[in-house]
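S.K.: To start, I am sharing the structure in question, which I have written as structure tokens.
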Amino acid sequence: PDFSSSVKLKYVKLGYQYVVDHFLTLLLVPVMVGILIEVVRLGPDEIVNLWNSLHFDLIQILCSSFFIIFIATVYFMSKPRCIYLVDYACYKPPVTCRVPFATFMEHSRLILSNNPKSVEFQMRILERSGLGEETCLPPAIHYIPPKPTMEVARGEAEVVIFSAMDSLFKKTGLKPKDIDILIVNCSLFSPTPSLSAMVINKYKLRSNIKSFNLSGMGCSAGIISIDLARDLLQVHPNSNAVVVSTEIITPNYYQGNERAMLLPNCLFRMGGAAILLSNRGSERRRAKYRLVHVVRTHKGADDKAYRCVFEEEDKEGKVGISLSKDLMAIAGEALKSNITTIGPLVLPGSEQLLFLLTLIGRKVFNPKWKPYIPDFKLAFEHFCIHAGGRAVIDELQKNLQLSAEHVEASRMTLHRFGNTSSSSLWYEMSYLEAKGRMKKGDRIWQIAFGSGFKCNSAVWKCNRTIKKPTDGPWEDCIHRYPVHIPEVVKL
């Protein structure tokens, strides 16, 4: 008979996981029951005599009380503050900015009329990209040829950022004067004055606000901003931090013929998000999530990793973002380092023990043993993988052994909004909320990749069961999702 089916290894593994994960409980319960039985067996007189035999004097009681209070004070003062995600808002581009496949390809043929091979290359990429017909590009890119001036780039930034901020103020009831910390991240567009100064000027924020503007940090800058906000909230009590994540497309549309630089044109689209974080205890009840961990991995010391996503000029002097053929391999190495760090923080003991035993077996007995891949589905209910492209989502689904439902939010976000850079993770969180899947106690793993090369992770815990929102970026289309996305869309 088939061993696996006769013994039902599935239930054996479930039993093993339960025993290991609850080992201390299973060990202590019999001991406590034994002590309770012995106490019950003692008569009332014996219990009274036992109590009388214990001698306490005033000095001992006072010293013991002082010691306990001292230890408790040190513990609570050194304990990190809880960081709550009160709420967030995503920018929803207007219908007039939509770029259907036919429109995109028509513009490509007109702009690259002297290089039909580049047009064909873009068509092949678009067919396999996983993007849908409703993704959006800023108005300046709709012109033939595009008109990426500084003025219209600032215009795009104002529309995206201010719209997200206005939505956040409306959802949370936050007033501009209540913002203590402001962090804006945008990788490629870094004007002077900065985008953070633009926000301060628009909303007339306080003069003592702590503002930061992060640039050049790629698609994972959103999690870097969250990490920076967390560190600042640890040292500034009773504070609110607003994080704005976006990418401004207008000045970064490549108009040359280099294929490695044409790829971002096919994937990147308009998007942005504003997030309110707080360390105030009063926000605990209404906050949606609590930040548990942030793990950052940087592979910039390696030359290949450093240059795999690189802004440079082509032979004709036109600036673009060059994507290396080694990108997926480098992303895999960065992910491996990241999950090696985050694994011990989130995985149950049963998975850590299996991983350790397999590692020892490979080192001592047989190096050809297949390495054990921990089951991260035991640590998280939801996964938000950066919607950088179909290949990124496919590789993570395969390597982490995730189901189609686990990567549904990432695929649908890529289909509906495209690669919105650092803000894509928040469109995915919004998708899960719009589907009514966020329950109290659920754990969410956000994974993002960025130039440099970086892989960053954030772990959140759902603070309360979240009702389906009546607004947001998925408001008018969530009923249509999930949709089937074919391997190739013939154009």
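The values are calculated or read from the model by the stated rules, or taken from the named source; none is laboratory data. The structure displayed is predicted, hence computed values, not measured ones. All Cβ positions, even for glycine, are placed from backbone atoms using ideal geometry, and neighbour counts span all protein chains on display. For the accessible areas, the whole protein counts, side chains as well, though only heavy atoms, and no ligand, DNA or RNA atoms are used. Shrake-Rupley method; radii C 1.70, N 1.55, O 1.52, S 1.80 Å.
S.K.: What share of all Cα pairs of the range 288-351, in percent, falls into each consecutive 10 Å distance bin?
M.R.: Each 10 Å bin holds this share of Cα pairs: 17, 34, 26, 16, 6, 1.
S.K.: Report the local net charge at SER424: Lys and Arg +1, Asp and Glu -1, summed over other residues whose C-beta lies under 10 Å from its C-beta.
M.R.: -1
S.K.: Considering only protein heavy atoms and a 1.4 Å probe, what is the carbon-and-sulfur percentage of the accessible area of the range 445-491?
M.R.: In the range 445-491, the share of accessible area belonging to carbon and sulfur is 53 percent.
S.K.: Another one. Using only alpha carbons, build the gyration tensor for the range 83-480 and give me the equivalent ellipsoid semi-axes, biggest first, whole Å.
M.R.: The three semi-axes for the range 83-480 are 32, 29, 20 Å.
S.K.: Cα convex hull of the range 165-255: how many Å³ per residue?
M.R.: Each residue corresponds to 107 Å³ of Cα convex hull volume.
S.K.: Can you spot the aspartates and glutamates whose alpha carbon is less than 18 Å from LYS79's alpha carbon? Ignore those fewer than 8 places along the same chain.
M.R.: Partners found: ASP227, ASP231.
S.K.: First check a/c for the range 330-390, with a ≥ b ≥ c the square roots of the eigenvalues of its C-alpha gyration tensor; if it is under 1.5, answer rounded, and if not, answer prolate when a/b is larger than b/c or oblate otherwise.
M.R.: The shape class here is oblate.
S.K.: Per residue of the chain, what 222 nm ellipticity follows from adding -39500 (n - 2.57) for every DSSP H run with n ≥ 4, rounded to the nearest 500?
M.R.: Dividing the helical sum by the residues of the chain leaves -14000 deg cm²/dmol.
S.K.: What residue among TYR254, GLY349, ALA379 has its Cα farthest toward the positive end of the dipole of the range 83-480, where the charges are +1 on Lys, Arg and -1 on Asp, Glu, each on the Cβ?
M.R.: So the residue furthest toward the plus end is GLY349.
S.K.: Using the Cα atoms of the range 88-192 to build a convex hull, what is its mean projected area in square nanometres?
M.R.: Result: a mean projected hull area of 8.8 nm².
S.K.: Would you mind working out the magnitude of the charge dipole of the range 83-480 relative to its Cα centre, with +1 at each Lys and Arg C-beta and -1 at each Asp and Glu C-beta, to the nearest 20 Debye?
M.R.: Dipole magnitude for the range 83-480 comes out near 1240 debye.
S.K.: From the square roots a ≥ b ≥ c of the eigenvalues of the alpha-carbon gyration tensor of the range 318-365, which class results: rounded (a/c under 1.5), prolate (a/b over b/c), or oblate?
M.R.: The shape class here is oblate.
S.K.: Here's another thing I want to ask about it. Any chance you could run the full-extension gain for THR25 through GLN60? It's 0.36 nm times the residue separation minus the Cα-Cα distance, nm to one decimal.
M.R.: Length gained between THR25 and GLN60: 9.3 nm.
S.K.: Let me ask something else. Which of the aspartates and glutamates could be linked to LYS288 by a straight reach, that is with a Cα gap under 13 Å, when you skip same-chain ones fewer than 8 residues away?
M.R.: ASP87, GLU433, ASP442
S.K.: Can I ask one more? Report, in listed order, any pair from LYS171/LYS435; LYS435/LYS467; LYS325/LYS368; LYS325/LYS370 with a Cα-Cα distance greater than 21 Å.
M.R.: LYS325/LYS368; LYS325/LYS370
S.K.: Taking only the alpha carbons of the range 336-491, what extent do you get along each of the three principal axes, in Å, biggest first?
M.R.: Over the range 336-491, Cα extents along the principal axes are 57, 43, 30 Å.
S.K.: Rounded to the nearest 5, what % of DSSP beta bridges with both residues in the chain are antiparallel?
M.R.: If I count the DSSP bridges inside the chain, around 70 percent turn out antiparallel.
S.K.: Let me ask you something else. Counting only protein heavy atoms and a 1.4 Å probe, tell me what percentage of the range 223-281's accessible area is made up of carbon and sulfur.
M.R.: 50
S.K.: Where the accessible area of the range 317-411 is counted over protein heavy atoms with a 1.4 Å probe, how much of it, in %, is carbon and sulfur?
M.R.: 62
S.K.: Please give every one of the aspartates and glutamates within straight-line cross-link reach of LYS299, meaning a C-alpha to C-alpha distance under 14 Å, and leave out same-chain neighbours fewer than 8 residues apart.
M.R.: ASP326, GLU333
S.K.: Given LYS147/LYS454; LYS304/LYS454; LYS336/LYS439; LYS336/LYS377, which pairs have Cα atoms separated by over 21 Å?
M.R.: Pairs exceeding 21 Å: LYS147/LYS454; LYS336/LYS439.
S.K.: Set the Förster radius R0 to 41 Å, insert the Cβ-Cβ distance between ASN114 and CYS477 as r into 1/(1 + (r/R0)^6), and round the FRET efficiency to 0.05.
M.R.: 0.60
S.K.: Please calculate how many Å² of accessible area the chain carries per residue, with a 1.4 Å probe and no DNA, RNA or ligand atoms counted.
M.R.: Dividing the accessible area of the chain by its residue count gives 52 Å².
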